[in-house]
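> Sharing a structure with you now.
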Amino acid sequence: MVSKYNGLISSEFDLEVGESMKKLHEQSLQEKDARFITSIIDDGIAKDDANHATTHAILNELLNRDGSVGSKKQLPLFGAATLDRIYYNLFVIGGEKFDKGSFTVPKTKALVESIEPAVKSHFFNLRDDSVVERLLTLPSLFMSENADYMRSRPGQKVLFGRIISLEIEPNDVRIFFVADAEISQQSITNISHNLGILSIPGCSELNNTHWTIKQVDLIEVLTDAGLLVIQND
């Protein structure tokens, strides 16, 4: 079995992984097999973000195509062991669908509100390479604004993932990202107090476009709430 799956790592990465995964799916790929395959791939391409994101997308697509996994992603999250467990990025962008691989945040809304001064002091300089490198390790939530106070639209989803790069534009910060899971936005709203998300009667941080960073272990909160399953083995 090991020799069979080791062949997935090559310079023809995208083509070979795509074809191999399709064949495995046709053979009724089981979730336990997927965990093994992704662990092998993760070891082989740990330093290649683009390939690693592509692989995760392929595996999630194949395992969820027939609805066998359900709303929670059961696949191992690539790089879960290296994701930051102190801070997380929160992106709330009105009208954004997060379907193009990148989006923009107005500079006037980037790390300037709903953020603790001590946290801001670590991350405010986006032209500092060391700051950007740290940002890339933060787990992230990507969402549109709630439809109403403490209430999302029916079927509204939050993406869980991470930033893979950013660009400073004249008026905006462009964020490039990869998503690893979808979570019900209402479920996130319901546990917002555990996520450090601010709200007062009649007004919530989730009703306002902005990018902030919270000093919360996002992975722990989401797994404790049963909203995310991470396999690190």
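> Which of (1) surrounded by fewer than 19 Cβ atoms within 10 Å (Cβ to Cβ); (2) under 16 Å from Gln215 (Cα atoms); (3) within 19 Å of the chain's Cα centre (by Cα) is the odd one out, the single condition Asp99 does not satisfy?
Going through (1) surrounded by fewer than 19 Cβ atoms within 10 Å (Cβ to Cβ); (2) under 16 Å from Gln215 (Cα atoms); (3) within 19 Å of the chain's Cα centre (by Cα) one by one, Asp99 breaks only (2).
> Shifting gears a bit: For Ser140, work out the one condition from (1) in contact with a Phe, Trp or Tyr (Cβ under 7 Å, 6 or more places away or on another chain); (2) of a type in the set (Ser, Thr, Tyr); (3) without any contact (Cβ under 8 Å) to a residue 40 or more places away in the chain it doesn't fulfil.
Every condition holds for Ser140 apart from (3).
Each row is one residue, and each column tells you yes or no for (1) without any contact (Cβ under 8 Å) to a residue 40 or more places away in the chain; (2) within 20 Å of Leu136 (Cβ to Cβ).
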{"site": "Gln156", "(1), (2)": "yes, no"}
{"site": "Gly161", "(1), (2)": "yes, yes"}
{"site": "Gln185", "(1), (2)": "no, no"}
{"site": "Ile188", "(1), (2)": "no, no"}
{"site": "Asn194", "(1), (2)": "yes, no"}
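> While we're here: Exactly one condition in (1) more than 16 Å from Ala181 (Cβ to Cβ); (2) charged (D, E, K, R); (3) modelled with pLDDT under 95 is false for Lys73; which is it?
(1)
The values are calculated or read from the model by the stated rules, or taken from the named source; none is laboratory data. Bear in mind the structure is a predicted one, so any value in this text is a computation, not a measurement. Glycine also receives a Cβ, built like all others from the backbone with ideal geometry; neighbour counts cover every protein chain displayed.
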